[in-house]
1. I'd like the full set of residues that are buried (at least 19 other Cβ atoms within 10 Å of the Cβ), assigned to a loop (DSSP other than H, G, I, E, B) and among the hydrophobic types (A, V, I, L, M, F, W, C), limited to segment 75-102.
2. Kindly indicate whether any position in segment 60-74 is open to solvent by less than 20 Å² (accessible area, probe 1.4 Å), among the polar types (S, T, N, Q) and either in a loop (DSSP other than H, G, I, E, B) or modelled with pLDDT of 95 or more (or both).
3. Before we move on, is L241 within 23 Å of D345 (Cβ to Cβ), open to solvent by 10 Å² or more (accessible area, probe 1.4 Å), assigned to a loop (DSSP other than H, G, I, E, B) and in contact with a strand residue (DSSP E or B) (Cβ under 7 Å, 6 or more places away or on another chain)?
4. Which ones in segment 340-371 are more than 14 Å from G79 (Cα to Cα) and assigned to a strand (DSSP E or B)?
5. Please verify whether R110 is modelled with pLDDT of 95 or more and either open to solvent by 10 Å² or more (accessible area, probe 1.4 Å) or part of a strand (DSSP E or B) (or both), treating the condition exactly as stated.
6. Can you tell me which residues in segment 278-313 are surrounded by fewer than 24 Cβ atoms within 10 Å (Cβ to Cβ), of a type in the set (D, E) and part of a strand (DSSP E or B)?
7. Considering segment 339-371 alone, what residues qualify as being open to solvent by 20 Å² or more (accessible area, probe 1.4 Å) and of a type in the set (A, V, I, L, M)?
8. Taking V252, is it over 14 Å from Y211 (Cα atoms) and of a type in the set (A, V, I, L, M, F, W, C)?
Amino acid sequence: MSSPRSSHRRQFLQNTATAVGAMLTATHVSQSPLLLGAERKSGAGEVVIGDGAHTYRCIHHWGNDALPAGHGYGNASHGVAIDAEGMVYITHNGEPGSIFVFDSEGRFVRSMGDVHASQNGRGRSSASGHGIDIRSEGGEQFIYLAPANPVMGFTKMSLHGELVWQKGRDEILGDANLLGQADIKFRPTNTSFRPDGGFYLGDGYGSGYLYHYDAEGQFVNAIGGPGTEEGRFRTPHGQWLDERGDAPLLVVADRANERLQWFNMEGQHVKTLGGFLFPADIDAQGDLLLVPDLHARITLLGKDDEFVAQLGDDPAWRAEVLRDNFAMRRTPEKCPPGKFVHPHDACFDPDGNIYVAEWVVGGRVSKLVRV
């Protein structure tokens with residue numbers, strides 16, 4: 001990790017903040033104050049955000065210029081994952097397919113994921129791309145996709161889109177003895193992996209359960225269910241394997257309860273941590289947990305789950321984002337550099353850079369390059 005920024009840089013930022021703020025106001029980017037610790041990069045529309053070991057050069061709308069004609073994120077960009085070769089996969093609600101693939105330089109590689117796209121009645125596709133994660137199994141990499149759509153199956157496929165299997169609503173709810181219950185819905189949001197080869201499917205917009213499957217894809221049990229008490233969830237939107245301690249734990253972004261919850265590999269609740277703003281998903285690297293907070297910031301937790309950075313955090317800007325039932329998501333161009341509207345997913349690359357996909361109309365992917 002990089003060393004703390006010098007006092008020389010801090011003085012430079014103080015001297016330039018006023019001029020940059022005036023420039024942003026003049027171009028009607030936002031009326032909120034410039035993010036402290038943000039430095040405009042000449043000619044590139046970039047800023048530097050964060051401080052010390054958690055300082056990043058922020059590149060918004062990463063990859064947009066490379067999208068071919070007829071390709072777009074539609075109602076939102078949703079999930080982000082990186083394969084072993086550094087290719088970046090972004091799920092979306094646009095067309096074509098439900099996934100766009102880029103190389104690490106932001107060059108477009110291909111669209112895929114037609115399995116989670118459907119015709120919308122006007123001769124055009126409408127995708128339901130949502131949660132995406134990638135794992136190596138037996139020397140080959142596979143994508144696990146949760147479509148946030150009750151009629152589309154939870155899917156495993158190759159990196160080029162060849163279908164391995166699908167699990168639909170009736171199969172999953174039937175395995176959990178929930179099928180036919182009037183108050184049980186099904187709209188899965190994300191998946192995560194276990195060290196024994198098993199995996200979890202989070203039914204974040206549906207039943208509020210996490211479904212545990214073994215390495216052969218056989219159902220094991222269901223964890224959680226709706227509620228506010230520890231061990232239960234209100235929108236378990238994302239989850240990840242936390243291997244920072246002595247034993248691996250499942251950590252869940254319990255979004256509407258505004259907290260993270262940890263469980264052991266037997267599904268028993270271990271601990272809870274509050275202080276979040278609609279945490280949407282989780283990634284881990286070294287001692288860090290990365291948590292995109294849907295309400296306009298990115299949170300980093302240290303080894304002991306302490307808050308070590310909250311990138312883009314600005315209460316005044318957040319009030320604008322949340323105003324009028326999230327109206328800002330329809331005009332993400334009003335978001336000033338160095339801030340976020342609705343971070344929906346985020347992940348590290350091997351160099352410690354961070355990719356962020358936001359839930360905004362037209363999509364917005366940012367690359368945070370570690371300084």
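The values are calculated or read from the model by the stated rules, or taken from the named source; none is laboratory data. Quantities reported herein were computed from a predicted structural model and do not represent experimental measurements. Note that each Cβ is placed from the backbone with ideal geometry, even for glycine, and that neighbours are counted across all protein chains shown. Heads up: the accessible areas ignore ligands, DNA and RNA and are worked out on the full protein's heavy atoms, side chains in. Shrake-Rupley method; radii C 1.70, N 1.55, O 1.52, S 1.80 Å.
1. Across segment 75-102, the qualifying residue is only A76.
2. no
3. no
4. L368, V369, R370, listed by residue number.
5. Values: modelled with pLDDT of 95 or more: yes; either open to solvent by 10 Å² or more (accessible area, probe 1.4 Å) or part of a strand (DSSP E or B) (or both): yes.
Here the answer is yes, as R110 does meet what is asked.
6. D283
7. Selection gives V361, V369, V371.
8. Judged against the criteria, V252 is not a match.
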